[in-house]
Amino acid sequence: MSQTSDLNGYISAQDAKGFLRTYMELVSGGQNLSIPTGLEPQPAKEGWLQILPGIGGGYTDEFVDALTDFWLQTVKQQGGTLTETFAEEIVAIIDGRPKPKGKAAAASSDAPAAGGGAAPAPAGGGTAAVAQAAASAPGSSAVANSSQLDTVASDISSSYYKEQDARDTKPLSKAELDSQVQKALESERVDRFLIPYLSLSRHGIKPVVPKSSVITMIRSQWEEILLNEFHIMGSTEYIQKLSARWFYLVNQKGLPIGLNDFEALSFFIVANEKEEEGKKTATSQSTQPKARTGFMGKLKSLFGG
């Protein structure tokens, strides 16, 4: 049986997947623990930042980012439906097992639709307590909120079709991909670097990437790759963001080995691309309004017509 003290080991190892599995196993077993509320990255991250200090120190920004990403992805895979077996379902998804079926847990109709943080599970713990906590957390968006559940279902469907669209789109030429890679590195964009870089696999080129799932090794290897392959010394902040994103991706999809793995990973990122600001430039700081680009427009710019 897992103990709360076991969580510190996963923090030290920078193992977000192992941490979340054990955490939800403890919740399922009746531990009085809190859970993040809200289905958007920032509220969920704020929730984990409230929770982690009560467990132990030593966690890094990369770990928090990876944990937040993995939590949101797993909840979306679960369907965003708060059931009496919510915690057990999350553990099953992480293990790759079929989800247990449970009745939907009652949720307050007054649950706010915005905000975030952590919701305490009342004495007794268990998934019913998680349902109550998530639904009643003041100033936060409960996982059980019906409007949020619609959003989750929409996100899952949207991601699927985005990935299919990416697969059906003609790739850009190698020269165009190289140009996009360079521009993304100059502006310190993470996904906008990874997508064209990994898409080189569609031209029979295997990109050089970190061959580790350990965050500290990932960070040092990305530093070497940027220096050796692109003659760029990435900023500390950019290396951290890139490493955290790669850590999340390999935890989700595994380390890419063959060309098909790199190609599949590029499609996965397209479907789940994160909005990011990148490095501030004189142009980006302009007061001129930015034109909004739809997904298909982005897709054409990344893969061609």
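Each value in this text was obtained by applying a stated rule to the coordinates, not by laboratory testing. Keep in mind that what you see is a predicted model, and the values were worked out from it rather than measured. Here the Cβ is made from the backbone with ideal geometry for all residues, glycine too, and neighbour counts use every protein chain on show.
When both region 1-19 and region 220-242 are represented by their alpha-carbon centers, they are found 28 Å apart. Computed on region 182-227, the Cα convex hull volume stands at 84 Å³ per residue.
In the neighborhood of residue 204, defined by Cβ-to-Cβ distances under 12 Å, what is the net charge if each Lys or Arg adds +1 and each Asp or Glu adds -1? It would help to have the intermediate numbers written out before the result.
Details: positive: 174, 202, 206; negative: 263.
Charge balance near residue 204 sits at +2.
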